[in-house]
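Visitor: I am attaching a structure below and will ask some questions about it afterwards.
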Amino acid sequence: MQICYNNYVKIIATAFENAEPELVLKTVFGYDTFRPLQKDIISNVLCGRDTLAVMPTGGGKSLCYQLPALILKGLTVVVSPLISLMQDQVSSLKTAGIHSVFLNSTLTWDEYCAAVNEIKSGEVKILYVSPEGLATSKIRELLCNPELKISCITIDEAHCVSQWGHDFRPDYLEIKTIRHLLPKTVMLALTATATEHVRHDICENLGMKKPAVFISSFNRENIFLEVLPKRRPLELVINFIQKHKDESGIIYCNSRKQVDELAQTLGQKGYSILPYHAGLSDEVRAKNQELFIKDEIQIIAATIAFGMGINKPNVRYVINYDLPKSIEEYYQEIGRAGRDGLPSNALLLYSPADIHKIRWFFEESSSPEKDEILLQGMINYATSRTCRRKALLAYFSEKFTPDKASTCCCDICNAGEIPLQDVTIPAQKLLCCIIRTNQRFGAGYVTDVLLGSKAQRIVDNGHTEISTWGIGREYQKQDWLELTELLTENGLIMKTGEYNVLEITPLGKRFLASREELKLPMRISEHVRLSKNGTAVSRAASKIIPEKPASNDSKADNILTNLRAWRKRKADDLNIAPYMIFGDKTLLDLAAKKPKNRGDLLNVYGIGRGKAEEFGRSILQIIEES
């Protein structure tokens, strides 16, 4: 996605060297204040101290190297894992007048040479390369040129350097060697997900020198978290996206086949959707991604190969059609939603069957024990009966206390306190069925026996003849699975082995012998039906009020409509995504403040001097005429 510089006001490379960060923040980027930790991180980089920053997706990581790049003398090198991410960042920087380039395989030889000449001339402030590219001799010779000053090496998606990270890449381990060639250059490592183990690996494997470590909150409070049992999943997805009509969304699947089937089925039903996975040609993948970024289509069905390079701020929802393999992977995927800070939703469809599919791949893994630990973290989250945000943040060692007076943050909190139910008889049935099947099976099998299934496996095992076969038809399957989780949490059942075989604990045996009453917080079928129709999501979303003009401001509505139409036309003319011109937050702020002159424009969120000069006349005219 190449852009001609003539369309933009270009900042001279030395214009802001040694300037105050606040001046650059306002003048170039159009922001009045730093986000949490940004200034501290930037200050450390400017002082030449190696720094590791763990910040959530949408938390402003890019600014932590982009702003120092303008202040420091010389070139900032950014190691980025995806070509699409490089292209996206360079396009966005150019709209702000910042001269940046990338060196990768998409360039022709002439384009590559031209970019290298610009770098050598001192015009370029930020260079993007891949870890594979950084290892090549031609790029190393360029960076080690004595006439070229390298001020900072930034490692984006730094969790890729750790085998405990969700997307480990061996090429990242080679980055440490470039540090030996440029020992005086400051290093900045950035990631959105890093447990303590991963943070240690990052600092060690990159050769960082006594780094300052900053860990921002992992709480993306604008994202509503929800988990639904994966029954009739296509119906669940359709119901969900109908409630997000005309909004951008991503549906993640674990297989190419599932992506293709889902995209085809939803496309035939009239939804604006395209697939994205490694089985498509490079050309098709790039085209589908571009159409999504430019708002030409609304939905992408994708494998986990999609997303790291997407900086699209107005993705309003992410659906995990299949269970992710780890909390880190899940957090990265839902982090694609709501980067602009406006209300967004994350829906996970959970089925125990997905667990077996994931474990099947462990046989080919070099570290199945590690994979199992990561998967268990994901299972614990999906089956949690307490606040999902609390469970999610606890994985990253962050404490969270739900505030009942504030907006609901997940489906569990939104539903309120779960009433105690008398589950004495159902619990007795479940425990007896586990015993009658010789404590050799998991929850799904035991539940099928209780429901009277005549599946071939159950028939072959002779379990259609035992006393507990078919005695549980008063509950639906999801109810039995929920009761299983409750009894496990309360110590009456334990899960053992690779396949989570159910066994009765001594406490469970005492319960059966005593026939005491048992009350547990359980919702049965009604709760499941309520969740499926989406009311939990809609109620929660309605309580989250985004930045926008007053509801009775008809002029603001007209301004917003006209600005969006103008933004789309301008983006099409420049062959870039609409959000690269202005994000939705900026349009809302423009409609609310209704600036009358260039000075007023600089008081609008996200408008710096470059964009005010480039687009100001058009914006002011639209506001005046609306």
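The values are calculated or read from the model by the stated rules, or taken from the named source; none is laboratory data. Predicted model, so just to flag it, every value in this text is computed and none were measured. FYI the Cβ positions are ideal-geometry reconstructions off the backbone, even for glycines, and counts take in every protein chain you see. The area values use the complete protein model at the heavy-atom level, side chains included, leaving out ligands, DNA and RNA. Shrake-Rupley method; radii C 1.70, N 1.55, O 1.52, S 1.80 Å.
Visitor: Test each condition in (1) modelled with pLDDT of 90 or more; (2) open to solvent by less than 60 Å² (accessible area, probe 1.4 Å); (3) part of a loop (DSSP other than H, G, I, E, B) for GLY270 and report the one that comes out false.
Guide: Every listed condition holds for GLY270 apart from (2).
Visitor: Only one of (1) in a helix (DSSP H, G or I); (2) surrounded by fewer than 22 Cβ atoms within 10 Å (Cβ to Cβ); (3) of a type in the set (Gly, Ala, Ser); (4) touching a Lys or Arg at 6+ places or on another chain (Cβ under 8 Å) is not met by ALA69, so which one is it?
Guide: Here ALA69 clears every test but (2).
Visitor: Sort out for me the strands (runs of 3 or more DSSP E) sitting completely within the range 141-219 that have 2 or more residues that are within 17 Å of VAL79 (Cβ to Cβ).
Guide: 150-155, 186-191
Visitor: For the range 178-225: of the residues being of a type in the set (S, T, N, Q) and without any contact (Cβ under 8 Å) to a residue 60 or more places away in the chain, which is surrounded by the most Cβ atoms within 10 Å (Cβ to Cβ)?
Guide: Restricting attention to the range 178-225, the residues satisfying the condition of being of a type in the set (S, T, N, Q) are 185, 191, 193, 195, 205, 216-217, 219, 222.
When the remaining residues are screened for being without any contact (Cβ under 8 Å) to a residue 60 or more places away in the chain, the result is 185, 205.
Working: THR185: 20, ASN205: 17.
Ranking the qualifying residues of the range 178-225, first place goes to THR185.
Visitor: A further question on this structure: Could you tell me which of the residues LEU262, LEU228 is in contact (Cβ under 8 Å) with a residue 40 or more places away in the chain and in a helix (DSSP H, G or I)?
Guide: LEU262
Visitor: Report every pair of residues separated by at least 6 positions or lying on different chains whose Cβ atoms are under 8 Å apart, first residue within the range 353-372 and acidic (Asp, Glu), second surrounded by 14 or more Cβ atoms within 10 Å (Cβ to Cβ).
Guide: ASP354/LYS230; ASP354/ASN254; ASP354/ASP322; ASP354/LEU323; ASP371/LYS325; ASP371/PHE362; GLU372/ARG359; GLU372/PHE362
Visitor: Can you name the residue in the range 494-513 that is of a type outside the set (A, V, I, L, M) and modelled with pLDDT of 90 or more and, of all such residues, is surrounded by the most Cβ atoms within 10 Å (Cβ to Cβ)? Outline the logic, then answer.
Guide: Taking the range 494-513 and keeping what is of a type outside the set (A, V, I, L, M), we get 495-500, 503, 505-506, 508-511.
This time we only want the ones that are modelled with pLDDT of 90 or more, so: 503, 505-506, 508-511.
Working: GLU503: 14, THR505: 16, PRO506: 9, GLY508: 23, LYS509: 13, ARG510: 12, PHE511: 21.
Applying the filter and picking the extreme gives GLY508.
Visitor: Using the structure shown, decide if ALA591 is open to solvent by 20 Å² or more (accessible area, probe 1.4 Å), modelled with pLDDT of 90 or more, under 22 Å from GLY338 (Cα atoms) and out of contact with any Ser or Thr (no Cβ under 8 Å at 6 or more places or on another chain).
Guide: For ALA591, the condition - open to solvent by 20 Å² or more (accessible area, probe 1.4 Å), modelled with pLDDT of 90 or more, under 22 Å from GLY338 (Cα atoms) and out of contact with any Ser or Thr (no Cβ under 8 Å at 6 or more places or on another chain) - is not met.
Visitor: Does SER367 satisfy the condition of being on the phi < 0 side of the Ramachandran plot, modelled with pLDDT of 85 or more and polar (S, T, N, Q)?
Guide: Here the answer is no, as SER367 does not meet what is asked.
Visitor: Taking helices (runs of 4 or more DSSP H) that fall entirely within the range 370-474, which contain at least 1 residues that are at pLDDT 85 or above and within 21 Å of VAL227 (Cβ to Cβ)? Give the steps one after another, and end with the answer.
Guide: On the way: elements: 388-395, 411-415, 424-436, 443-450, 456-460.
Because the criterion is at least 1 residues that are at pLDDT 85 or above and within 21 Å of VAL227 (Cβ to Cβ), the helices (runs of 4 or more DSSP H) in the range 370-474 that meet it are 388-395, 411-415, 443-450.
Visitor: Here's something else I'd like to know. Considering only the range 328-356, state which residues are among the hydrophobic types (A, V, I, L, M, F, W, C) and either under 11 Å from LYS230 (Cβ atoms) or surrounded by 24 or more Cβ atoms within 10 Å (Cβ to Cβ) (or both).
Guide: Matches in the range 328-356: ILE334, ALA337, ALA346, LEU347, LEU348, LEU349, ALA353.
Visitor: Residues being part of a helix (DSSP H, G or I) and in contact with a Gly (Cβ under 9 Å, 6 or more places away or on another chain): count how many of those fall in the range 485-505.
Guide: Of the residues in that region, 1 qualify.
Visitor: For the range 280-320, enumerate the residues that are surrounded by fewer than 22 Cβ atoms within 10 Å (Cβ to Cβ) and hydroxyl-bearing (Ser, Thr, Tyr).
Guide: SER281, THR303
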